[in-house]
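Reviewing the structure listed below.
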Amino acid sequence: MLSTPVRVRFAPSPTGYLHIGGLRTALYCYLFARRTGGRFILRIEDTDQSRLVEDAEEDIVASLKWAGFSVDESPEQGGPHAPYRQSQRGALYRAHASTLIDRGHAYYAFDSPESIRLLREHGQAYDAAHRMQMQNSLVLPRHNVEARLANGDAYTVRLHVPEDTTICFEDCIKGTVKIPSNSLNDQVLVKSDGMPTYHLANVVDDHLMGISHVIRGDEWLPSTPKHVLLYRALGWQIPVMAHLPLILSPSGGKLSKRSAQRLGIPVDVRDYRTAGYEPEALLNFLALLGWNPGTDKEVFSLAELEETFSLQRVGTSPGLFDLEKLKWLNGQHLSRMQPSEVLQRARPALEAAGIAPDEAYATEVIRLVKNRMHRASDLAELFSYFFADPITYDAAGIRKRWKPDSPSLVLRYADRLARLAPFDETSLEAELRTLAKTAGVGGGRLIHPVRLAVSGTTAGPGLFAMLATLGRDSVIRRLQAAAQALA
Ligand code: GLU
């Protein structure tokens with residue numbers, strides 16, 4: 001049983017646009033919060049001023065909105081623990097750094113950048129084995145330290161990592177994690193510019209904001225022992241830790257920005273949006289990259305994920321990024337949407353193609369083709385012939401399907417359609433079959449040329465339903481135009 005209310009934060013650093021791995025972390029945080037009736041908090045970790053990207057925060061917020069997450073507390077909305085941007089919380093970190101120093105868990109280090117560089121060059125860390133050779137408040141006499149501070153000498157504050165012990169913590173995905181303290185260096189907590197590092201700010205905020213569960217990517221696991229030391233030093237309870245499995249690229253190895261680009265996999269969430277992926281499909285895809293429902297069900301809406309998700313079903317083995325699966329899921333989600341919803345999603349592509357369809361007609365077209373759509377933009381691309389007469393005809397299709405008698409056959413069909421009533425799927429088919437019989441040919445000899453003539457392509461939805469949707473005038477005009485163009 002959980003004794004504290006569930007509070008989960010997504011804590012991105014605005015050092016770039018939200019990437020796909022970041023969105024997966026946000027999703028798992030969000031789902032866990034919703035599943036448990038907890039709060040989902042957005043905290044912006046912008047203490048590394050040198051790496052800030054100006055519009056990154058805006059992009060992160062926009063991407064979370066696009067994904068359809070409702071956020072309970074954030075820099076935008078505020079909340080009981082505002083501000084939610086670390087750059088506005090400097091005084092809190094300084095106060096806690098002082099507490100750590102007073103209690104002997106951290107110390108001032110006055111080393112010049114040059115001596116730090118030399119240490120590194122010798123392959124040495126600022127750790128228990130070397131800290132005594134350095135210029136810090138552990139070795140310098142107290143009056144010297146005070147004089148330097150009063151003098152305004154540059155310093156950093158470092159974590160005093162205890163020697164020869166094992167740091168042990170529970171991760172609810174990885175199990176028990178044990179790290180020898182001697183493998184850690186004395187982590188910088190406050191940089192020489194007075195800004196906290198990620199480690200100090202992250203721990204202070206997670207505690208002060210009442211975060212109950214820390215859910216984040218595997219790449220942060222090596223930081224956790226340092227955080228555990230900080231929690232202990234400050235006398236605070238450690239939140240439940242959950243480190244999500246890696247995401248692997250289809251060619252094996254970690255999915256990095258570089259490997260993704262090489263494989264044509266978009267990296268930033270905004271690129272998925274412009275590539276025409278629906279947020280529901282992307283979230284469904286990301287949910288399955290690490291979590292499994294324990295059933296064969298593969299297609300989930302966000303609401304269904306909110307009901308089903310649990311950290312217990314997040315595995316330890318890496319998730320394999322398979323773009324084909326995402327494409328398939330995108331089609332699945334489109335086919336489950338109401339036609340009017342698909343139309344909304346297709347609007348930008350329709351507009352870009354200069355297509356301004358009648359709402360009722362477009363809805364009818366979508367009803368007919370939505371099971372064949374992989375992206376909403378297919379409506380303006382693959383199925384553009386529903387909105388404008390074809391001006392070209394698929395060359396391979398012509399070679400294969402357009403015979404010497406095709407022009408006269410499609411013209412005869414056009415003639416009969418002028419009088420057909422009702423102009424519906426059943427009569428359209430009956431009429432074609434009767435004509436084929438009269439002409440002494442098989443149905444295919446008419447079906448394929450008619451399809452080519454009205455759509456310009458050889459594939460598409462059922463022919464007669466398509467003709468009924470296109471309507472009498474349009475079908476007759478197209479049949480006549482093709483007979484002439486391909487005579
Ligand atoms: N600011 C870190 C990031 O960019 C947060 C990691 C964490 O969740 O602790 O991912």
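The sole residue among S13, S70 that is more than 30 Å from L138 (Cβ to Cβ), touching a residue at least 24 places away in the same chain (Cβ under 8 Å) and either within 16 Å of the ligand (Cβ to nearest atom) or among the acidic types (D, E) (or both) is S13.
Among the residues here, A453 qualifies as part of a helix (DSSP H, G or I) and either in contact (Cβ under 8 Å) with a residue 12 or more places away in the chain or surrounded by fewer than 18 Cβ atoms within 10 Å (Cβ to Cβ) (or both).
Can you pull out every residue in the range 1-10 that is away from the ligand (no atom under 12 Å from the Cβ) and not charged (D, E, K, R)? Outline the logic, then answer.
Filtering the range 1-10 down to residues away from the ligand (no atom under 12 Å from the Cβ) leaves 1-7.
Within the range 1-10, M1, L2, S3, T4, P5, V6 meet the criteria.
Residues considered: T458, T434. Of these, the only one that is surrounded by fewer than 18 Cβ atoms within 10 Å (Cβ to Cβ) and farther than 27 Å from A275 by Cβ is T434. Just wondering, is there one or more residues in the range 168-176 that are surrounded by fewer than 18 Cβ atoms within 10 Å (Cβ to Cβ) and aromatic (F, W, Y)? Taking every residue of the range 168-176 in turn, at least one turns out to be surrounded by fewer than 18 Cβ atoms within 10 Å (Cβ to Cβ) and aromatic (F, W, Y).
Of all residues in the range 172-181, those that are part of a strand (DSSP E or B), within 28 Å of Q135 (Cβ to Cβ) and either touching a His at 6+ places or on another chain (Cβ under 8 Å) or in contact (Cβ under 8 Å) with a residue 40 or more places away in the chain (or both) total 1. Contact annotation: residue pairs with Cβ atoms under 8 Å, 6 or more positions apart or on different chains, pairing a residue in the range 211-230 that is more than 8 Å from the ligand (Cβ to nearest atom) and of a type in the set (S, T, Y) with a partner that is at pLDDT 95 or above and part of a strand (DSSP E or B), are S212/R7; S212/V8; S212/V240; T224/F169; T224/D171; T224/V177; T224/M241; T224/H243.
Looking at A388, A362, which one is among the aliphatic types (A, V, I, L, M), at pLDDT 95 or above and surrounded by 14 or more Cβ atoms within 10 Å (Cβ to Cβ)?
After ruling out the rest, the residue left standing is A362.
Between L311, L283, L323, L288, the distinction of being among the hydrophobic types (A, V, I, L, M, F, W, C), closer than 28 Å to D59 by Cβ and within 11 Å of the chain's Cα centre (by Cα) belongs to L283 only. Inside the range 113-171, residues that are closer than 30 Å to V214 by Cβ, in contact with a His (Cβ under 9 Å, 6 or more places away or on another chain) and free of Cβ contacts under 8 Å to residues at least 24 places away in the same chain make up a count of 0.
Any residue in the range 264-279 that is at pLDDT 95 or above and more than 16 Å from the chain's Cα centre (by Cα)? Taking every residue of the range 264-279 in turn, none turns out to be at pLDDT 95 or above and more than 16 Å from the chain's Cα centre (by Cα).
Helices (runs of 4 or more DSSP H) wholly in the range 183-270 with at least 3 residues that are crowded, with 18+ Cβ neighbours inside 10 Å and not polar (S, T, N, Q) - which ones? Walk me through it before giving the result.
Details: elements: 198-208, 224-234, 257-262.
Passing ranges, in order: 198-208, 224-234.
When the range 287-329 is limited to residues that are within 20 Å of M241 (Cα to Cα) and among the aliphatic types (A, V, I, L, M), the one that is surrounded by the fewest Cβ atoms within 10 Å (Cβ to Cβ) turns out to be L311.
For E57, the criteria (1) in a loop (DSSP other than H, G, I, E, B); (2) within 14 Å of the ligand (Cβ to nearest atom); (3) under 18 Å from Q86 (Cβ atoms) hold in every case but one, which is (1). For the range 16-49, a residue qualifies if it is among the hydroxyl-bearing types (S, T, Y), within 14 Å of the ligand (Cβ to nearest atom) and closer than 19 Å to I211 by Cα, and the qualifying residues are T25, Y28, Y30.
Note on the range 313-432: enclosed helices (runs of 4 or more DSSP H) holding 1 or more residues that are of a type in the set (S, T, Y) are 323-336, 339-352, 359-369, 406-419. You will find that of L31, L52, L42, the residue that is surrounded by 13 or more Cβ atoms within 10 Å (Cβ to Cβ) and in contact with a helix residue (DSSP H, G or I) (Cβ under 6 Å, 6 or more places away or on another chain) is L31 and no other. I'd like to know if the range 325-337 contains one or more residues that are free of Cβ contacts under 8 Å to residues at least 60 places away in the same chain and aromatic (F, W, Y). Looking for residues that are free of Cβ contacts under 8 Å to residues at least 60 places away in the same chain and aromatic (F, W, Y), one finds at least one in the range 325-337, hence yes.
There is at least one residue in the range 287-295 that is touching a Leu at 6+ places or on another chain (Cβ under 6 Å), on the phi > 0 side of the Ramachandran plot and of a type outside the set (D, E).
Against the list (1) in contact (Cβ under 8 Å) with a residue 60 or more places away in the chain; (2) out of contact with any helix residue (DSSP H, G or I) (no Cβ under 7 Å at 6 or more places or on another chain), the condition K437 fails is (1).
The values are calculated or read from the model by the stated rules, or taken from the named source; none is laboratory data. Values in this document were obtained by computation on a predicted structure and should not be read as measured data. All Cβ positions, even for glycine, are placed from backbone atoms using ideal geometry, and neighbour counts span all protein chains on display.
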